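Scroll down for the structure; my scribbles are underneath it.
The values are calculated or read from the model by the stated rules, or taken from the named source; none is laboratory data. Fair warning: this is a prediction, and the values are worked out from it, not measured in the lab. Because the Cβ atoms are built from the backbone with ideal geometry, glycine has one as well, and the counts that use them run over all protein chains shown. In case anyone asks, the SASA skips ligands and DNA or RNA and just uses the protein heavy atoms, side chains included. Shrake-Rupley method; radii C 1.70, N 1.55, O 1.52, S 1.80 Å.
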Amino acid sequence: MTNNNKIYGINGPVVTVLGKTELAMNEMVFVGEKRLLGEVIKIDDDKTVIQVYEETSGLKPGETVYATGAPMSITLGPGLLTNIFDGVANPLKAISAQNGAFIPAGVRAHSLDGTVRRHVSMRIHEGDSVQGGDVFAECVETASVCHKSMVPSNLSGVVVSVKPDGEYTVNDELAVVRSAEGKEIPLTLCQTWPIRTPRPARRRLALTKPLVTGQRVIDTLFPLAKGGAAAIPGGFGTGKTMTQHQLAKWCDADIIIYIGCGERGNEMTDALSEFRELIDPRSGRPLMDRTVLIANTSNMPVAAREASIYTGITMAEYYRDMGYHVAMMADSTSRWAEAMREISGRLEEMPADEGFPAYLPSRLSEFYERAGYTENLNGTEGSVTVIGAVSPQGSDFSEPVTQNTKRFTRCFWALDKSLAYARHYPAINWTDSYSEYLGDLGEWYTQNVGEDFLACRNEICELLATESSLMEIVKLIGSDVLPDDQKLDIETARVIRVGFLQQNAFHKDDTFVSPEKQLKMMQVILYLYHKCREILLQQVPISEILSKGLFDKLVQMKYDIPNDQLSLFDGYYQQIDASLADLQGREGAK
């Protein structure tokens, strides 16, 4: 076999090498004299195809492709948090400091700063037996996160030497382990991992705990489990990015991985600026202390967009293995699918639906299956929760990316253009959305929030469904023909929509609402509803009930009661009873 790794053809990000080579499938390579980063994606008897993660302008046939002998990998260790990376884990701040705002081809920097010294506390001793996943050292990565350095998953043996606690860089040798084969392998604070290979765990656990977001339409109607996967489909301007920002700030995850995959540059600039300014409500420190940002904008090489999703999920699994709960936001998987479609077209593969490759469903499933709640190799428990935005053209949810995403996610938050244009946020449509995690999470809500949480939630959903069907009649012939009990259903549903589901991200008491307060809000709304139904049975006109102004009062309930004074809800029951007292026990005339 000859090793004639010379470029024969260049088609955008796709480079062809003729003849037999020693390159392996998914091997990371350096292409041309600029040593552009690439990956082998196809091998035939007579040619090898490589996708290049950088701009190929200026690349010429005849230049050499350099093998590395290793798969496409990233370096993991302390220093990932607070950083901003491109799709292949190049730190953008470090590259910008060296080369300015525009990144030249072939330039890369180590993902971890090798000059920073951190105080490291060793957790192993000479003579200890260790195995993959064991924590051998800890250091403070940020003021919010303790970094736990782990023995590589494929290594086990006996510790033969250990450095004392002290100040070290990520590349310093801290310990040496003698493997069963007799090899002495050094341990450092960092390790590499191939991005397309899921990190191992001891076993998967049942998804029985919710990812509490503080957003009522999510926590109450369509909850997401820790370790679950959710899709947020919506057209342009419906609030996908805004919803993900709210979740990143308020969800009860320990680590946030935010991936801007193929989004517009100005939108990513807003996201980067906003994340720097956000204060973590849990610690009072900047939210970036527990956040990793991956910025791969639409003007960056298309192949790197495809890799950015795998880079992000690998980082998420790394922190999961430490025992942290990680929430990963992918914005958006449609741009990732479009990158696959472009590369597939350049490879002249047979297209499937709307030009997407036939392997689109399998790629989506590979990605979403890496979410999960696991028992790790070191005995800790951690989770990776994936929230993927989908950008269907023209808000058409029947297109292939949305439809295939629904196959592999159990939570579907459908964003509605009409709600967004009416300034109803989050613009999640309560008739098109669903969550299959509700049955798994029911016991948690019953034990930790209230025994009647699910009953209240179900009744709220029934009222919304009733209103949806009644509004079809109202649009045709008006509301005057409806009986009073149906008018009450519509009025109560209005309170639910405007007073409960609609949320103000800029109000201190409404931007985040605990499940306990959500339950109390539902209980008050339903108490008024049942009270009014009793009065209607006494032939009292609905107009007299509405004249009391109680429904408008409940719409403002979310602003009037601070999150730390839930006892004030008792005043609403007293006010409802007092206002309706003169209508009870008497017969009214319609």
Can you spot the lysines whose alpha carbon is less than 23 Å from Lys6's alpha carbon? Ignore those fewer than 8 places along the same chain. Lys20, Lys34, Lys42, Lys47, Lys60
For the stretch 511-590, the Cα gyration tensor yields equivalent-ellipsoid semi-axes (√(5λ), largest first, whole Å) of 27, 11, 10
Sequence-separation-based contact order of the stretch 353-452, relative, with Cα cut under 8 Å and 6+ spacing, percent: 19
For the stretch 134-150 and the stretch 27-76, distance of Cα centres in Å: 34
Near Lys163, which lysines are there with a Cα under 20 Å away, not counting those fewer than 8 places off in the same chain? Lys148, Lys183
At 1.4 Å probe size, with every protein chain present, just tell me what the per residue accessible area of the chain comes to in Å². 41
Which length gain, in nm to one decimal place, applies between Tyr8 and Thr75 when the Cα-Cα distance is subtracted from 0.36 nm times their residue separation? 21.0 nm
From the phi of every residue in the stretch 149-160, what ³J(HN,Hα) in whole Hz does the Karplus formula 6.51 cos²θ - 1.76 cosθ + 1.60 yield, where θ is phi - 60° and glycine or proline is x? 7, 10, 5, x, 5, 9, 10, 8, x, 10, 6, 9
How compact and how long is the stretch 420-535, expressed as Rg and Dmax of its alpha-carbon atoms in Å? 15.4, 46
Sparse-neighbourhood loop hits (GluC sites (Glu not before Pro), the stretch 431-526; DSSP loop; Cβ within 10 Å at most 16 others) -> Glu436, Glu451
Show which lysines lie in cross-link reach of Lys517 when reach means a straight Cα distance below 16 angstrom and same-chain residues fewer than eight apart are skipped. Lys508, Lys558
Given the peptides 283-289, 524-530, arrange them by the average over their residues of other C-beta atoms within 10 Å, most packed first. 524-530, 283-289
HN-Hα J in Hz across the stretch 16-28 - Karplus 6.51, -1.76, 1.60, θ = phi - 60°, x for Gly and Pro: 10, 10, 7, x, 6, 10, 9, 6, 10, 4, 6, 6, 7
To the nearest Å, what is the center-to-center distance of the stretch 403-464 and the stretch 157-189, using C-alpha atoms only? 49
In terms of modelled amide H atoms, which long-range or inter-chain residues lie less than 5 Å from the amide H of Ala230? Val386, Ile387, Gly388
The percentage of the accessible area of the stretch 317-366 (probe 1.4 Å, all protein chains present) made up of carbon and sulfur atoms, to the nearest whole number, is 47
Once you order the gyration tensor axes a ≥ b ≥ c over the Cα atoms, which shape class does the stretch 1-65 get: rounded for a/c under 1.5, otherwise prolate or oblate by comparing a/b with b/c? prolate
Looking at the stretch 166-247 from every direction and averaging, what is the projected area of its Cα convex hull in nm²? 10.6
What number does the stretch 194-335 give for Rg over Rh if you use C-alpha atoms and the Kirkwood radius? 0.94
If you average 1/r over all unlike Cα pairs in the stretch 1-157 and invert the result, what Kirkwood radius do you get in angstrom? 18.2
Which order do Lys475, Lys517, Lys60 take by accessible area at a 1.4 Å probe, largest first? Lys475, Lys60, Lys517
Rounded percent of accessible protein surface that carbon and sulfur make up, the stretch 102-218, 1.4 Å probe: 51
